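Read the structure below first, then the notes.
Where a number appears in this text, it was derived from the coordinates with a stated rule and is not lab data. The structure presented is a predicted model; accordingly, all values stated were derived computationally and were not measured. Counting neighbours? That spans all protein chains shown, and the Cβs are built from the backbone with ideal geometry, glycine included.
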Amino acid sequence: MKRLLLFSDDQLWIRHTPEGPSCLFDADPAAFALTEPLPAYAAEEVFAAESAGPPAPGAERVTLRALFDLVTPQRYAQAGLARQLLHWRRAHRFCGACGAPLQRHASERAMVCPACGHTAYPRINPVVITLVARGDQILLTRKAGGVLPFWSLVAGFVEANETLEQAVAREIAEEVGLRVTDIRYAASQPWPYPNNLMFGFTAAYESGSITPDGVEIAEAGWFGRDDLPPIPSRVSIARRLIDAFFTP
Ligand SMILES: [Zn+2]
């Protein structure tokens, strides 16, 4: 028996124990079609696997975001890695160059093509997210489409052959029509939804008036500590950047 983190449709199975919620199940990894070993954590051997149905009576499915409030930060990070690796494995069954079925690399976490030698490593997409300050206020935006119940920072994918700082300036210009200066790296965070790496920056307002693009951003504005709208939860780097700005 091994310990497994089990997913169905990108949601994680949990069970209720006398010690609290647990996302680990004892099972044989060979019983699952798609499995991936995880780095050892606290001397446990843990696998990620896709489960066709509930792994045990009473098991419940939760999103990874919901797991953040239920388990330790280390376990949440392990589950994030598990979800990211399963997503990678599902999307890399065949060679992107020649179409042959891929095989596991003998020694690295990679899939390799026996026909042409192409190697596919877990893919990571870089995203920049920026806290723009003007005096004691910050720029917050509300996404178009009404999908998120809060306001957040400007964020976007880094494009090919672009520096992180260029991506910061471009995203802010595109989404809200502002120019910024003093762009500084602050912190990073893996964001396994499904495979982003968030690069958190701060920047200072330079010029321009807020003009939401209407496509990605519906509304944007300057907010001070005492008039903040609903903001992202503690799971996100956006919240860390906001809290850091308002905590002297
Ligand atoms: Zn190939």
³J(HN,Hα), Karplus 6.51/-1.76/1.60, whole Hz, each residue of the range 114-127, x for Gly, Pro: x, 8, 10, x, 4, 10, 10, 8, x, 8, 10, 9, x, 10
Separation in nanometres of the label points that stand 7 Å from Cα toward Cβ, at Arg179 and Glu162: 1.9
³J(HN,Hα), Karplus 6.51/-1.76/1.60, whole Hz, each residue of the range 95-101, x for Gly, Pro: 5, x, 8, 10, x, 6, x
Residue-count net charge about Tyr193 - beta-carbon cut-off 9 Å; Lys, Arg +1, Asp, Glu -1: +1
Computed helical MRE - 222 nm, the chain, DSSP H runs ≥ 4 contributing -39500 (n - 2.57), nearest 500: -5500 deg cm²/dmol
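Hey, fewest Cβ within 10 Å first, where do Asp9, Asp136 land in order? Present the calculation step by step, with values, prior to reporting the outcome.
Working: Asp9 6, Asp136 11.
Least to most surrounded, the residues fall as Asp9, Asp136.
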Phi to ³J(HN,Hα) by Karplus 6.51 cos²θ - 1.76 cosθ + 1.60 over the range 71-82, Hz, x for Gly, Pro: 10, 5, x, 5, 5, 4, 5, 5, 5, x, 4, 4
C-alpha long axis of helix 164-176 to longest principal axis of the chain, angle in °: 60
Simple Cβ-charge dipole of the chain, Lys/Arg +1 and Asp/Glu -1, about Cα centre, in debye nearest 20: 500
Counting DSSP beta bridges with both ends in the chain, the antiparallel % (nearest 5): 75
Amide H contacts under 5 Å for Leu102, placed H, 5+ residues apart: Phe94, Cys95
Environment charge of Asp26, counting only residues whose C-beta is closer than 12 Å and scoring Lys/Arg +1, Asp/Glu -1: 0
Rounded tilt (10° steps) of 237-246 against the dominant C-alpha axis of the chain: 40
Computed lengthening from Asp226 to Phe94, 0.36 nm per intervening residue step minus Cα-Cα distance: 42.2 nm
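What number comes out for the charge environment of Pro212, summing +1 per Lys or Arg and -1 per Asp or Glu over other residues with Cβ under 14 Å away?
On the way: positive: Arg142, Lys143; negative: Glu171, Glu174, Glu175, Asp213, Glu216, Glu219.
Here the charged neighbours net out to -4.
Multiplying the sequence separation of Met1 and Ala77 by 0.36 nm and subtracting their Cα-Cα distance, what value in nm do you get? Numbers along the way, then the final one.
Numbers: separation 76, 0.36 × 76 = 27.36 nm, distance 2.29 nm.
Value of the extension gain: 25.1 nm.
Figure the gain on full extension for His16 and Leu197 (residue separation times 0.36 nm, minus the Cα-Cα span) and round it to one decimal in nm.
Working: separation 181, 0.36 × 181 = 65.16 nm, distance 3.12 nm.
My answer for the length gained is 62.0 nm.
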Residues of the range 202-241 with amide N under 20 Å of a point placed 7 Å along Cα→Cβ from Asp69: 229-241
Antiparallel content of DSSP bridges confined to the range 2-91, in %, to 5: 75
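Using Cβ contacts closer than 10 Å as the measure, can you line up Ile217, Ile172, Ile14 from fewest to most?
Exposure proxy ranking, most exposed first: Ile217, Ile14, Ile172.
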Whole-angstrom Cα spans of the range 2-91 along principal axes, big to small: 33, 26, 24
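If you take the beta carbon distance between Ala106 and Ile210 as r and set R0 to 41 Å, what does 1/(1 + (r/R0)^6) give as a FRET efficiency, to the nearest 0.05?
Numbers: r = 54 Å, r/R0 = 1.32.
In this case the efficiency is close to 0.15.
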Built amide H within the under 5 Å cut-off of Lys2, gap 5+: Ala27, Asp28
Label-point separation in nm, Cys116 to Ala31, each point 7 Å along Cα→Cβ: 4.0
